[in-house]
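Report on one structure; see the data block that follows.
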Amino acid sequence: MIRRPHELQYSEVIVTVKMVSGRARQYIYSIICQLSTIVVSAAYSWLEPITIRLTEDPELNFTSEEVSWLVTIVDICAIVSSFLSGHLTDRIGRKYVIMSIGPLCLAGWIIVLCYKSMISLIMVRILHGLAVGVALPITPIYAAEIAEPKLRGTLTGISQFFWYLGTIYAFSIGPFLSYDMFAWACLPLPIILTIAWIFVPETPYYLLMTKRDKEAKDVLKYFRNGEIGEEFHDMQKAVSEQMSTKGDWKALFCDKVERKAFIIVQVVSMAKCLTGMTVILNYASEIFSKSGSFLSAEKMSILLAFFLAVIAVFAAFMSDWIGRKPLLLVSCFGCFVAHFLIGGYYYIHEKTTVDASNYLWSLYIGLAAYCIFSGVGLGPLLQTLQAEMFGANTRGIACGITQGFQGVFSIIAIKVYNPVYQHFGVYLNFWFYCIVALVCGIILSPLMYETAGKTIGQMEEKEHA
């Protein structure tokens, strides 16, 4: 009798970690899942530490505009990939879609090592962008579908921490390694991911969607270590109800519950991208080089990524404890205050004759406040919300569309940054982020509803009631 690959791998995993508790397994497999986030984050952030080098290297001699397009190409390709991955995740499964990330990133690093031209770097950024468009919408789905309700916020929220780990990796080694050695240092990451991911089981939700109830029950038992009768019954009922209607993009606008969830998630997506995180991570060295700080731009970039990662650890646990809605509102209004301070410092530094060094405290306090406020809400909760607010039949396509919108917002933020800076100054960018944070906070205040501690089925019933 020939066994399916899923059955073979699952049985092997049981043998190797059978003594581990169900809750521990949820953490272990969520962490393995988030390795994909580290891989794509390092690929996404790879260009930032060498941005200045690309314009000064006589062998490359790129213009600032060309570098700007290299930065943007990742987000453009992530838009295309997110729609495709959202569709494929309901066709071939969460596991095999996520597994494609490793080969895509590996191919990119091989091209970096073999060729050194604008065309080759465009190809690299296309491949890495496709991988980003898979990882960001699909990995939270996997984590949410294996997690029990009390852990769902934590296990989906930690994706932001792992994203910052990948950023720290790139920021920490990029400035100190040659162009080729930097690529060699990133190349093992997708290989490790691919090998680890071979032994990961499919989610019980997807198995129920494909009528493989026995396998779904076995996987759920594996992740719970206890009685699963009621939870499995609720899961079957929720999937059955959600699969009774066709899961296409029209359902996101025709169904009242799906429409409300879709609007909430897009507002959070807009707030996350248009409050400056994408720009700050891609242009950290350039922004900090204009700050007049006693610390070098490279050290400031590393400290920023490290601080964001530390905040993300605490934020992952806070969403299940405090709730999604309070954290999102605190995050939006906190970012408003933080960007007002940062913009104020840059205004004094760029547009007045006042000695700005006397006001460096406002830059540091503003940056620290932004790291804290964005890190506890807008950063980690987008992944959590898009994984838990949508029904089983629309989750894949909804997450794909959300990632597409996130890519559009990121492109707008990145492409607007340089023209605004050159014509007006850095300060105006931060005051724009300030306004976006305020408006999104006001919109979410009456619209957002609490999802912490509830199963997806319970949320569906509550909203339809």
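Within region 188-221, restricting attention to residues that are in contact with an Asp or Glu (Cβ under 8 Å, 6 or more places away or on another chain) and within 16 Å of R25 (Cα to Cα), which residue is surrounded by the most Cβ atoms within 10 Å (Cβ to Cβ)?
The qualifying residue surrounded by the most Cβ atoms within 10 Å (Cβ to Cβ) is P204.
Residue by residue through region 372-384, note down the ones that are open to solvent by less than 10 Å² (accessible area, probe 1.4 Å) and over 12 Å from K272 (Cα atoms).
T384
Among (1) in contact with a Leu (Cβ under 8 Å, 6 or more places away or on another chain); (2) free of Cβ contacts under 8 Å to residues at least 40 places away in the same chain, which single condition is K214 missing?
Every condition holds for K214 apart from (1).
Going through region 397-410 one residue at a time, which ones are within 17 Å of A131 (Cα to Cα) and under 15 Å from the mean Cα position of the chain (by Cα)? Break it down into steps so the answer makes sense when it comes.
Narrowing region 397-410 to residues within 17 Å of A131 (Cα to Cα): 397, 399-408, 410.
Answer for region 397-410, where residues must be within 17 Å of A131 (Cα to Cα) and under 15 Å from the mean Cα position of the chain (by Cα): C399, G400, I401, T402, Q403, G404, F405, Q406, G407, V408, S410.
Would you mind finding the one in F162, F83, F176 that is open to solvent by 50 Å² or more (accessible area, probe 1.4 Å), aromatic (F, W, Y) and closer than 30 Å to E388 by Cβ? Break it down stepwise before answering.
Working: F162 fails: open to solvent by 50 Å² or more (accessible area, probe 1.4 Å); F176 fails: closer than 30 Å to E388 by Cβ.
It is F83.
Of all residues in region 344-354, how many are open to solvent by 70 Å² or more (accessible area, probe 1.4 Å) and within 34 Å of the chain's Cα centre (by Cα)?
Of the residues in that region, 2 qualify.
Among residues belonging to region 355-371 that are of a type in the set (A, V, I, L, M, F, W, C) and modelled with pLDDT under 85, point out the one that is surrounded by the fewest Cβ atoms within 10 Å (Cβ to Cβ).
By that ranking, first place goes to W361.
Out of region 418-438, which residues are farther than 17 Å from H349 by Cβ and out of contact with any His (no Cβ under 9 Å at 6 or more places or on another chain)?
Across region 418-438, the qualifying residues are N418, P419, L438.
Only one of (1) touching a residue at least 12 places away in the same chain (Cβ under 8 Å); (2) over 30 Å from G391 (Cα atoms) fails for H423. Which number is that?
(1)
If we only count helices (runs of 4 or more DSSP H) wholly inside region 326-443, which ones have 2 or more residues that are in contact with a strand residue (DSSP E or B) (Cβ under 7 Å, 6 or more places away or on another chain)?
Numbers: elements: 360-373, 379-388, 395-423.
Those helices (runs of 4 or more DSSP H) do not exist here; none qualify.
If you go through region 132-164, how many residues are among the hydrophobic types (A, V, I, L, M, F, W, C) and in contact with a Pro (Cβ under 8 Å, 6 or more places away or on another chain)?
3
For region 386-412, give me the residue count where each residue is open to solvent by 10 Å² or more (accessible area, probe 1.4 Å) and within 23 Å of F336 (Cα to Cα).
Of the residues in region 386-412, 6 are open to solvent by 10 Å² or more (accessible area, probe 1.4 Å) and within 23 Å of F336 (Cα to Cα).
Limited to region 415-429, what total is found for residues that are surrounded by fewer than 17 Cβ atoms within 10 Å (Cβ to Cβ) and of a type outside the set (A, V, I, L, M)?
5
Taking the criterion of being modelled with pLDDT under 90, acidic (D, E) and within 30 Å of Q236 (Cβ to Cβ), would at least one residue in region 183-206 satisfy it?
No, every residue in region 183-206 fails to be modelled with pLDDT under 90, acidic (D, E) and within 30 Å of Q236 (Cβ to Cβ).
Those residues that are touching a residue at least 60 places away in the same chain (Cβ under 8 Å), farther than 16 Å from C399 by Cα and open to solvent by 10 Å² or more (accessible area, probe 1.4 Å), I need them from region 114-146; list them, please.
K116
The values are calculated or read from the model by the stated rules, or taken from the named source; none is laboratory data. Values in this document were obtained by computation on a predicted structure and should not be read as measured data. Methodologically, a virtual Cβ is constructed for each residue, glycine included, from the backbone with ideal geometry; neighbour enumeration extends over all protein chains shown. With ligands, DNA and RNA removed, areas are computed over all heavy atoms of the protein, side chains included. Shrake-Rupley method; radii C 1.70, N 1.55, O 1.52, S 1.80 Å.
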